[in-house]
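Undergrad: I have a structure I would like to understand better, so I am pasting it below and will then ask my questions one at a time.
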Amino acid sequence: MRTVTASLLALVLPALATAGGSHGHDGPGEHGGHHGGGGHGKPDHKRPLVTSDKLQSLVTTKDLLAGSQKLQDIANANGGIRAFGGAGHNATVDYLYETLTALKDYDVVKQPFKAIYAEGHASLTVDSVAIAAEVMTYTPGGEATKPLAAVANQGCDAADFPATVSGNIALISRGSCTFSLKALNAKAAGAVAAIIYNNVAGELSGTLGAPFLDYAPVVGISQADGKALLDKLAQGAVTAAFKVDALVEERVTYNVIAETKGGDHDNVLILGGHTDSVPAGPGIK
């Protein structure tokens, strides 16, 4: 989950509770009779129109902290994370659904859909020295201790991969084509793994763009580390210990959609946000 999300959720729920329930609730007729089946709500003349200043005045530091703490508590009870498709995110979905439903002024649905989940961790060691390596999103897992083989040009063509790549770890420069094509070409050339080094200063992370293709396991490293490996190769054989633990799978997750029972259902203002966290933490700052 992105950092803004916790604040967004913490902001919206208390404000909805105050703005939506401050004038009481006399049953479905007051709200035009919209209960998830379409139709058009009728104006509720008992309630003033929402204004920006009024809505902003309902947002308090106390409520923001309370909402954030609730999400933190959910993470704490579920391994410290709320990544989608897992118990932490499912509990977050239930919290949002139950809180919005309790307000009585909203038609609330949990909408299931499928999405690809990917996470991974990498380690890379050369001559007993650890090198910072980042997994590429959608990489498969793999482990090997094998010689490095430098790839010509930037690994965008099959001809860039020498015969020495087969059974070994391909060392490839970033640039000219996608990370995906480099990883596919490395696998087609017989590489057991691939390392892509940056072509500008700094570390390298990225995505292969699509899951479940025939990739070599692949990580990204910095330009400085890539050049250091090339210098070592110029002096002789270099063996690297490469490991990627990766999980790529299809998961079922949920949108929580709440629409006011009153108002014009053909003219809806939508406020949205992510409800999940990344696998590295609870998604709250």
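The values are calculated or read from the model by the stated rules, or taken from the named source; none is laboratory data. Since we're looking at a predicted model, the values are computed, not measured. Quick reminder, even Gly has a Cβ in these numbers, built from the backbone with ideal geometry, and neighbours come from all protein chains shown.
Undergrad: Within the range 249-285, how many residues are more than 18 Å from TYR117 (Cβ to Cβ) and not small (Gly, Ala, Ser)?
TA: Selection size over the range 249-285: 15.
Undergrad: Something else: If a residue counts only when it is under 24 Å from GLY85 (Cα atoms), β-branched (Val, Ile, Thr) and touching a residue at least 12 places away in the same chain (Cβ under 8 Å), which strands (runs of 3 or more DSSP E) contained entirely in the range 179-285 have at least 1 such residues?
TA: Fully inside the range 179-285 and qualifying: 239-260.
Undergrad: Identify, from the list VAL151, VAL93, VAL129, the residue that is aliphatic (A, V, I, L, M), over 21 Å from the mean Cα position of the chain (by Cα) and either surrounded by 14 or more Cβ atoms within 10 Å (Cβ to Cβ) or over 30 Å from SER222 (Cα atoms) (or both).
TA: Residue meeting the stated conditions: VAL151.
Undergrad: Are there any pairs with C-beta distances below 6 angstrom linking a residue in the range 62-80 that is closer than 14 Å to THR275 by Cα and part of a helix (DSSP H, G or I) to a residue that is among the aliphatic types (A, V, I, L, M) and at pLDDT 95 or above, with the two at least 6 apart or on different chains, and if so which?
TA: Between residues of the range 62-80 that are closer than 14 Å to THR275 by Cα and part of a helix (DSSP H, G or I) and residues that are among the aliphatic types (A, V, I, L, M) and at pLDDT 95 or above, the close pairs are ILE74/ALA91.
Undergrad: Say we look at the range 264-282 and pick out the residues that are in contact with a His (Cβ under 8 Å, 6 or more places away or on another chain) and of a type outside the set (Asp, Glu); which of these is nearest to ASN78 (Cα to Cα)?
TA: Checked the range 264-282; the qualifying residue nearest to ASN78 (Cα to Cα) is SER277.
Undergrad: Only residues that are crowded, with 23+ Cβ neighbours inside 10 Å, within 24 Å of GLY236 (Cα to Cα) and polar (S, T, N, Q): list them for the range 169-198, please.
TA: none
Undergrad: Only one of (1) part of a loop (DSSP other than H, G, I, E, B); (2) farther than 30 Å from GLU203 by Cα fails for ALA83. Which number is that?
TA: (2)
Undergrad: Then there's this: State which residue is farthest from the chain's Cα centre (by Cα) when the search covers only the range 49-61 and only residues that are more than 30 Å from PRO279 (Cα to Cα) and loosely packed, with under 11 Cβ neighbours inside 10 Å.
TA: Among those that are more than 30 Å from PRO279 (Cα to Cα) and loosely packed, with under 11 Cβ neighbours inside 10 Å, it is LEU49.
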